[in-house]
Structure formats: C-alpha cells, structure tokens
Amino acid sequence: MAQQRIEIVQEFPFPVSRLFAHLAEHENLEVLFAPTKIKRISDGHDARNGVGSAREMGIGPGPKFVETVTAYKENELIEYRITRGSPLKNHHGVMRFYALGEGSRLHYTIVFEGKLPLVGTLIRLALDSGIRRGLKGLRL
C-alpha cells in the first residue's frame, strides 16, 4: 500500500510552553481527531505525557486502537506510534514545537500506510481536514 503523509505547519499567538502543555495532554487531542474519543491508559516513565504514555482511541462502539509516545522533549518534541489495533500500519506521528517571540509554531507530520486498498487515502483526507480545523480553532 502507498505511504500517506500529512504535514501541517501552523503558528499560534501564545507561547510554546502553553501550546506544548495543551497538546501533550492526551485527552486534549479529541478536538483534533473529532469525533474520536480519547482515553489515557498509562502515564509515561519519566513524565506524565512522556515516553511510554499511551492513549486509547476510537469512534463510538467501533474497534479501539492505542497510540504510545516514543519520544518526548518538553516544549520541543512529541513522537508517537500506533502500538495496537487500527486499520493502519507503519504509523508515525511527530509534533515539533518552536518558539516565535511571544508566539509559537507547530510542525505536525503523520505518515502511515493503510492495511487495505484506499483505506490510507480515506483516513488521510479525514485526518488532514480534522486536524487543520481543530488547530485553527485552538484557544488557550
């Protein structure tokens, strides 16, 4: 299956520390992945939202999947992978945070493949528009 890629760069009028703290909290990601429900299932090894922290995600009564944080550097980086479930494979999400004076910039990249034909393309289209909409409406 073809690799899918989502790449979003967006600037915000609030400090990187506020943006990072908000997006690092698993439950706060629901606004980006609506109508997906997100539930924290474990804290990280050295930080609540750090490496090893995991979230369960799903839509309604459908199958759930788990994303686990694999790299974490406060106010700079969050990386994660799907570690259980999902119609996707080779999934890797990266959020990079940059300070811009009093504001901030997020560079968010997700790459993955669908397990079946067209699944990857459909999920990419839905994720891309949902994440962009959620980020544009973010008020901290």
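Can you tell me which residues in segment 43-64 are assigned to a strand (DSSP E or B) and under 13 Å from the mean Cα position of the chain (by Cα)?
Across segment 43-64, the qualifying residues are 54, 55, 56, 57.
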State which residue pairs qualify: first residue touching a residue at least 24 places away in the same chain (Cβ under 8 Å) and inside segment 32-56, second residue of a type in the set (Val, Ile, Thr) and not in a helix (DSSP H, G or I) in any location, beta carbons under 6 Å apart, and separation of 6 or more residues or different chains. 35/59; 44/51; 53/69; 54/41; 54/66; 54/68; 55/38
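So is residue 40 part of a loop (DSSP other than H, G, I, E, B), on the phi < 0 side of the Ramachandran plot and of a type in the set (D, E, K, R) or not?
Numbers: part of a loop (DSSP other than H, G, I, E, B): no; on the phi < 0 side of the Ramachandran plot: yes; of a type in the set (D, E, K, R): yes.
For residue 40, the condition - part of a loop (DSSP other than H, G, I, E, B), on the phi < 0 side of the Ramachandran plot and of a type in the set (D, E, K, R) - is not met.
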May I ask you to verify whether residue 80 is more than 17 Å from residue 126 (Cβ to Cβ), in contact with a helix residue (DSSP H, G or I) (Cβ under 8 Å, 6 or more places away or on another chain), among the hydroxyl-bearing types (Ser, Thr, Tyr) and modelled with pLDDT of 95 or more? no
Just the residues that are surrounded by fewer than 15 Cβ atoms within 10 Å (Cβ to Cβ) and not in a loop (DSSP other than H, G, I, E, B), please, taken from segment 9-27. 9, 11, 17, 18, 27
Checking the conditions here, which among 9, 69, 94, 51 is touching a Gly at 6+ places or on another chain (Cβ under 7 Å) and within 29 Å of residue 121 (Cβ to Cβ)? 69
Looking at (1) surrounded by 15 or more Cβ atoms within 10 Å (Cβ to Cβ); (2) touching a residue at least 60 places away in the same chain (Cβ under 8 Å); (3) not hydroxyl-bearing (Ser, Thr, Tyr), which one does residue 102 not meet, given that it meets all the others? (1)
Applying the selection to segment 103-136, what residues are farther than 20 Å from residue 80 by Cα, modelled with pLDDT of 90 or more and not in a helix (DSSP H, G or I)? 103, 104
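The values are calculated or read from the model by the stated rules, or taken from the named source; none is laboratory data. Since we're looking at a predicted model, the values are computed, not measured. Methodologically, a virtual Cβ is constructed for each residue, glycine included, from the backbone with ideal geometry; neighbour enumeration extends over all protein chains shown.
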